[in-house]
Protein chains: 4
Amino acid sequence: MTSIGFLGLGDIGTPMAARLAAAFDLTVWNRTAAKATAFGAAHRARVAASVADAVRDAEVVATCVPTSADVDGLVTSALPTLSPHAVWLDFTSGDPVVSTRIAARLAEHGVPFIDAPVSGGTSAAAAGTLAIMLGGDAPVIERVRPILEAVGKTIVHCGPIGAGDAVKSVNNALMAVNLWAAAEGLVALRKAGVPSAVALQVINASSGRSNASMNLIPERVLTRAFPRTFRLALLDKDVGIAAQVARTQRAPAPLLQLTAELMRIAHHQLGEEADHSEMVKVVEGWAGAEIG
Amino acid sequence: MTSIGFLGLGDIGTPMAARLAAAFDLTVWNRTAAKATAFGAAHRARVAASVADAVRDAEVVATCVPTSADVDGLVTSALPTLSPHAVWLDFTSGDPVVSTRIAARLAEHGVPFIDAPVSGGTSAAAAGTLAIMLGGDAPVIERVRPILEAVGKTIVHCGPIGAGDAVKSVNNALMAVNLWAAAEGLVALRKAGVPSAVALQVINASSGRSNASMNLIPERVLTRAFPRTFRLALLDKDVGIAAQVARTQRAPAPLLQLTAELMRIAHHQLGEEADHSEMVKVVEGWAGAEIG
Amino acid sequence: MTSIGFLGLGDIGTPMAARLAAAFDLTVWNRTAAKATAFGAAHRARVAASVADAVRDAEVVATCVPTSADVDGLVTSALPTLSPHAVWLDFTSGDPVVSTRIAARLAEHGVPFIDAPVSGGTSAAAAGTLAIMLGGDAPVIERVRPILEAVGKTIVHCGPIGAGDAVKSVNNALMAVNLWAAAEGLVALRKAGVPSAVALQVINASSGRSNASMNLIPERVLTRAFPRTFRLALLDKDVGIAAQVARTQRAPAPLLQLTAELMRIAHHQLGEEADHSEMVKVVEGWAGAEIG
Amino acid sequence: MTSIGFLGLGDIGTPMAARLAAAFDLTVWNRTAAKATAFGAAHRARVAASVADAVRDAEVVATCVPTSADVDGLVTSALPTLSPHAVWLDFTSGDPVVSTRIAARLAEHGVPFIDAPVSGGTSAAAAGTLAIMLGGDAPVIERVRPILEAVGKTIVHCGPIGAGDAVKSVNNALMAVNLWAAAEGLVALRKAGVPSAVALQVINASSGRSNASMNLIPERVLTRAFPRTFRLALLDKDVGIAAQVARTQRAPAPLLQLTAELMRIAHHQLGEEADHSEMVKVVEGWAGAEIG
């Protein structure tokens, strides 16, 4: 049974690790130790006292942390005890530039790296139905496929190292564009006397529909619930990565670049804890009218 | 049986009129007379020699032309023979400012106006399953409901005169934003080594999905078919109207306003006959890479 | 001696009227009557009790009010007593579309219209050194030239009715673009460790310099004085007009259109009384750093 | 007399080196050797056969090449023969991120680095009146001050390593914004019937004026001369650096970011050899009208 060292028990990492505990030999570590202890009490998993300890016997090191810079720090802590036969499987929504640099560091120790950001939120993580975007070499991906299948449903090899990160960032950027633009339109219509539910009834039966108009806005905005499932701060980071991918590739992307600025503004204005769906509040504030 | 004078046998107007011919007392008129003659030969409808003739006995005048300015011209031609007991039902994707002005002109003659732009394209028009967005007074809408039900499935009263136009324009603007942004992302990913079909597989299972990513791009762009079903020139007009709605309502809308500029650029570059989906060619051209 | 009915004693109108009082037969009117009374006490001018009274004997009606909509209202009040031999000279920073409509109304009464927005602020108004942008027919302009020369130094006939408004709006839009962009750059440099005075020393000796970098920022922003000489609310209106000119002319203008949105946002955020130079506070707020 | 190894005899480097040849012990090197040979024939300078040869006895290595990546390559070639007592003085319009990395490489060999991009074009380079923006330590700058004074008039220490690059990039980005926005405005006015020379007469007497409106457009655009003094390709690079500075500093900069996209588009469309002033042709092309 494959032994896994799992680093990072956040909102997404915890339900993923819970599924892996049921099928693999799991060791967990978390920056805030209490969360790891609680996880160990609830699931069949060993709790490591340090990163070095967590990865010592791991055939696969799995990471799920906020940024690629965090992964880079974990690599530094792990290298002294990391087996040259291990694979590093990074579920972080990472930056392809940093992932490439991390992969090079690990390659010097013979350890292959796979970027494997996930999509679907906490519910898909708990159900094992995440979408997983993979960057790296196909044979390495085959070595970790049982792990991927334990947590994901849509498992897509996107390209070389960093390609998973790039696709994830673009997906999230499109979600941001679609949501912000829908908010702009709904606020303007509201001021013109059209209730948002009426406008959405039309849009969602027509060509302008998107996941934002069909799900995010009805469930999170019209209800004013704004459940905190995915922080705007992280979406800001992701859209910034997508914008950087476009710049690096010399692909003019005026809408994505402008959206990156809007996310930065919204993040600054709404703070670290805001849910991504709260971005619409910035649009509403500028216009002096609420979607509804 | 309600008598209808139907003005405008274009791509959408023709299949709509065909459905109405089966259930109502229909008279048709078209700027290019040959189209009206052909229609009369194929359907149970009288062919009028002039606008004045077409509306003389009409209880409902239905218009389906490129712009509200065209409708305004038809009103001028119709007024001498228009019955004060008629209703003017405008299926044009119109401009709320001009529709409001037209409604005021007609009101002086006692004729109420309903803006009723439709969505769904030629296939929905033929099937009678259009989405119809209505602006105007509810009792007037009730008077024309049998006509609406003969051509539409989703029939939504959006608000006062112009509200239908406004909602239609915003729907189309969101489609334009979603499609253009997806093209930006896919081109950048392509240059980073990710095939577009792979990227779409992920996006369409994730939060960034939209009608553009799920339908328009797979069917029209990946196939390089770009079927000419909805001209970019008309979409440019619609996004311009949505941008104007936002400006009039003092609702800051940076993404919609920038998209209005991109549509104008694409329209200029691709010409009058290009399909709206061809806008992606501008994104591709700027980056020197094709979606695919 | 030409008789002038001068309507609108605001920040710019008052010093203009003061210069005209010295050389012409002047009657003044102001919405807030106290200002007109005070003006009459200080200068050789008759104070009219109503618009109708002010224009009754005027060979030239001069208007200097916030918007073209205000001018339109004054026309309505003036028409009953307006001489068919008068000229209407509008110093308002107006909207070419509305000016054209006003000109048509006046033309029905035989009264020609000149749009003549001014630039230079209160000090140039007092010194009689305003720049004046004229739209309308050359012979009409000749009839009012003595008035123009009494208040302006740079007197430019720009084109047909509305051309003066259009040029004024574009000038102000360029000022807004140049100022906002300079603020973006200076804030970013400040966060990178470059004092703004140092950055400006370079920029103002180099290709990036503008009136914004050479005058507005050193005098108003670095000093944190933000003197209230030209309200952001009015600049917002002007940039909106410039954006509309570009749209009407089908001239893609992504920078001007985006700037129109930024002005709207800043206006909303800073309120009705803020000086235009305070727009930089929005840029500073988003970045969490001050120019300085 | 200080010995200088000067690497890079391009449009700006050549006149700079010519001035330095008159006052210092100069050795030159250029990628295309013929240019170096010609320089040696015309000025009092030794011509080196290789980078390693050029820097062997240099107390100051001066570089003036297209990009920081080129500088990085020169460092690699120079390190084997570079004296640990030398100073590296980089006149390239560089990237602060890469400059910081280069400085770290050189520091390992004890060699301090100064980024010193220049502004003013070929004429100022020939006249010794360049503006020079410096990043690095003050005592190091003092060591090279005689060199700086031989080529520049405005010599400004902007901050730590990279600060010179950052200020230069922002200056150029502001020039790009000011020029592009002016082009947008002038094209729209032209279509509205206002000759560009008339519009500029007003703007250049008013608040919207900038170096672009006062010098670049009258001299390069109205004349249709577009002299090739500064390539658009290099300006595109510079604006991209400024945009990156803003992103790195988390300073929202919608206008600068959008301008970076517009430069990329213009560069793609106009090619490698176009002068920066030719960017207006893109604005003209989109609108179907010429400034003039």
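Structure remark: mean-square fluctuation, Gaussian network model of chain D, C-alpha springs under 10 Å; the largest value among D:A78, D:A253, D:A274 belongs to D:A253. Scaling against 2.2 N^0.38 Å puts the C-alpha radius of gyration of the protein assembly as shown at 1.03.
Which net charge results when you count Lys and Arg as +1 and Asp and Glu as -1 among the other residues whose beta-carbon is under 13 Å from that of A:A124? Neighbour charge sum, excluding A:A124 itself: +1.
Only one residue of B:A54, B:A86, B:L20 has its Cα farthest out toward the positive end of the dipole of chain B, where Lys and Arg carry +1 and Asp and Glu -1 on Cβ, and that residue is B:L20. Stretched out straight at 0.36 nm per residue, the stretch from B:S123 to B:L79 would grow longer than its current Cα-Cα span by 12.5 nm.
Net charge of the neighbourhood of B:L9, taken over other residues with C-beta under 10 Å away and scored Lys/Arg +1, Asp/Glu -1, is +1.
Both radii are taken from the alpha-carbon atoms of segment D:166-287; with Rh as the Kirkwood radius, Rg/Rh is 0.97. Along its principal axes, segment B:3-160 has C-alpha extents of 37, 34, 24 angstrom, given from the largest down. Membrane-span-like helices in chain C (whole DSSP H runs, Cα extent of at least 20 Å along the helix axis, mean Kyte-Doolittle hydropathy of at least 0.5): C:163-191, C:232-248. In chain C, a dipole from Cβ-located charges (positive for Lys and Arg, negative for Asp and Glu) runs towards its positive end, and of C:A126, C:A138, C:M279 it is C:M279 whose Cα lies farthest in that direction. All other residues whose Cβ lies under 13 angstrom from that of A:D90 are scored, Lys and Arg at +1 and Asp and Glu at -1, for a net of -2. The mean number of Cβ atoms from other chains found within 10 Å of a Cβ in peptide C:240-250 is 6, as a whole number. Counting only protein heavy atoms and a 1.4 Å probe, segment C:3-160 has 38 square angstrom of accessible area per residue. A run of chain D free of exposed loop cleavage sites, with GluC sites (Glu not before Pro) counted only in DSSP states other than H, G, I, E and B and at most 13 other beta carbons within 10 Å, reaches its longest extent at D:109-271.
Among C:V98, C:V177, C:V202, whose mean-square fluctuation peaks in a Gaussian network model of chain C (Cα, cutoff 10 Å)? Evaluated over chain C, the most mobile residue of the options is C:V202. Which pairs in the list A:K168/C:K191; B:K237/B:K281; C:K191/D:K237; B:K237/C:K168; C:K191/D:K168; C:K191/C:K237 are over 24 Å apart, alpha-carbon to alpha-carbon? Checking Cα-Cα distances, A:K168/C:K191; B:K237/C:K168; C:K191/C:K237 exceed 24 Å.
At the listed q of 0.13 Å⁻¹, the Debye profile of chain B, built from one uniform point per Cα, gives log10 I(q)/I(0) equal to -0.89.
Taking C:G120, C:G13, C:G164 as the candidate residues, the one with maximal mean-square fluctuation in a Gaussian network model of chain C, Cα springs under 10 Å, is C:G120.
Ordered from highest to lowest accessible area with the whole protein assembly present and a 1.4 Å probe, C:M214, D:M175 read as C:M214, D:M175. Principal axis extents of the C-alpha atoms in segment D:71-137 (largest first, rounded to whole Å): 36, 23, 22. Taking the Kirkwood radius as Rh and the Cα radius of gyration as Rg, segment D:175-216 has a ratio of Rg/Rh equal to 0.94.
To check you understand DSSP bridge types, tell me what percent of the beta bridges within chain B (both residues inside) are antiparallel, rounded to 5.
The antiparallel fraction comes to roughly 15 percent.
Applying both filters, DSSP loop and at most 11 other Cβ atoms within 10 Å, to the trypsin sites (Lys or Arg not before Pro) of segment A:134-233 gives A:R224.
Across the protein chains, with a 1.4 Å probe defining accessible surface, the residues D:R44, B:R105 rank D:R44, B:R105 from largest area downward.
The values are calculated or read from the model by the stated rules, or taken from the named source; none is laboratory data. Everything numeric in this text was worked out from a predicted model, so none of it was measured. Here Cβ is always computed from backbone atoms with ideal geometry, including for glycine, and neighbour counts include all displayed protein chains. Heads up: the accessible areas ignore ligands, DNA and RNA and are worked out on the full protein's heavy atoms, side chains in. Shrake-Rupley method; radii C 1.70, N 1.55, O 1.52, S 1.80 Å.
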